[in-house]
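Below: one structure, written as structure tokens.
The values are calculated or read from the model by the stated rules, or taken from the named source; none is laboratory data. These figures come from a predicted structure and were not determined experimentally. Every residue, glycine as well, gets a Cβ built from its backbone with ideal geometry; the counts of neighbours run over all protein chains shown. Just so you know, the surface numbers come from the protein's heavy atoms only, side chains and all, with ligands and any DNA or RNA stripped out. Shrake-Rupley method; radii C 1.70, N 1.55, O 1.52, S 1.80 Å.
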Amino acid sequence: MKACILPAPAPIETNPLRCVDVPKPQPTGAQVLVRVSACAVCRTDLHVIEGELPPRKSPITPGHQVVGVIEALGDRAKQHRIGTRVGIAWLHATDGTCEYCRAGKENLCNAPSFTGYTVDGGYAEYALGEESFVYPIPEGFGDLKAAPLLCAGIIGFRSLRLSGIERGGRLGLYGFGAAAHVAIQVARYWGAEVYACTRDERHQRLALELGAVWAGGTTADPPKKLDSAIIFAPAGEIVPAVLKALKKGGTLALGGIHMSTIPPLDYNLLYHERVVRSVANNTRQDGHDFLKIAAEIPIHTEIEVFPLPDANRALNALKNDAIRGAAVLKIE
């Protein structure tokens, strides 16, 4: 089968992914084999490729927003039928036994595996998933449009939850890429007022098209104080500006798996019970809850489609903020 593999971490400008023939994987145990039709491109893929996340498997096939059809089942796989359309997301599997899994916090599992990072992902014609960690895709979403829901959507949804935003509240979104352009639709559905802060004017325009009441530069002061905010950009240097924009008691959720260094904070920015918290991975329940609400709204994903051999080009475009919405690889 064809797959884009990363032999070793390198700057994306060097086009490090290699499209090669590799053996088709075979499902065992509770695994399912998915014939991939689409895989969305995520900034986390970029962190893996450029080594900002420490290498865990080499070579690795990236990609963790995978949509396709189950073609084969392992000998213990019983939950899904062959022919079911499913998605494979970032959280590939957990140990199920550690203190966090037992407490319903599997996103913090001590021994997890991650699609496209510790196990091969969806930049390929086939990918393996664990049957209890794949998601049936709701009707109404084509494969290409559904792919960004598997991470941009799920992580954006968890970030919204952890931000504490409530109906009628004011929410700031910092960075307006794939996750934010989905999260704003959920926030608006919940009745929140959204303010978008992003450096690219094209992304500001998209935010306004999707219902933001205001859009400005990354560190611009929103016209009103915010109840909650989410930073999707991997830019720790903007944290002080976001805290300055928060009301007393406001919460800032950091939505990325990797972020540049946060500078020293003036205590006055944290005082009055402002909260800064990270968002780590997701639980399966996050995924199921999000896909249900995505179908209710219904979510519209803005996508730019690339053929699989152009994965390097898609990632270069992502790094340079040249994608409106989400980039998606189409697997022929």
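Any idea how many residues of segment 187-207 are among the small types (Gly, Ala, Ser), open to solvent by less than 10 Å² (accessible area, probe 1.4 Å) and outside any helix (DSSP H, G or I)? Of the residues in that region, 2 qualify. Listed by first and then second residue, the pairs with beta-carbon distance under 7 Å, at least 6 apart or on different chains, first residue in segment 211-230 and under 15 Å from Ile184 (Cα atoms) and without any contact (Cβ under 8 Å) to a residue 24 or more places away in the chain, second open to solvent by 30 Å² or more (accessible area, probe 1.4 Å) and among the acidic types (Asp, Glu), are Val213/Glu193. Considering Pro16, Pro27, the condition of being surrounded by 21 or more Cβ atoms within 10 Å (Cβ to Cβ) and assigned to a loop (DSSP other than H, G, I, E, B) is satisfied by Pro27 alone.
Being charged (D, E, K, R) and in a strand (DSSP E or B) holds for only one residue in Lys292, Lys224, Lys248, Lys244, and it is Lys248.
The residues of segment 265-281 that are out of contact with any Phe, Trp or Tyr (no Cβ under 7 Å at 6 or more places or on another chain), touching a residue at least 12 places away in the same chain (Cβ under 8 Å) and not β-branched (Val, Ile, Thr), listed by number, are Leu265, Asp266, Leu269, Leu270, His272, Glu273, Arg274, Arg277, Ser278, Ala280.
Could you tell me whether segment 245-254 includes any residue that is closer than 16 Å to Leu160 by Cβ, modelled with pLDDT under 95 and either open to solvent by 60 Å² or more (accessible area, probe 1.4 Å) or under 21 Å from the mean Cα position of the chain (by Cα) (or both)? For segment 245-254, residues closer than 16 Å to Leu160 by Cβ, modelled with pLDDT under 95 and either open to solvent by 60 Å² or more (accessible area, probe 1.4 Å) or under 21 Å from the mean Cα position of the chain (by Cα) (or both): absent.
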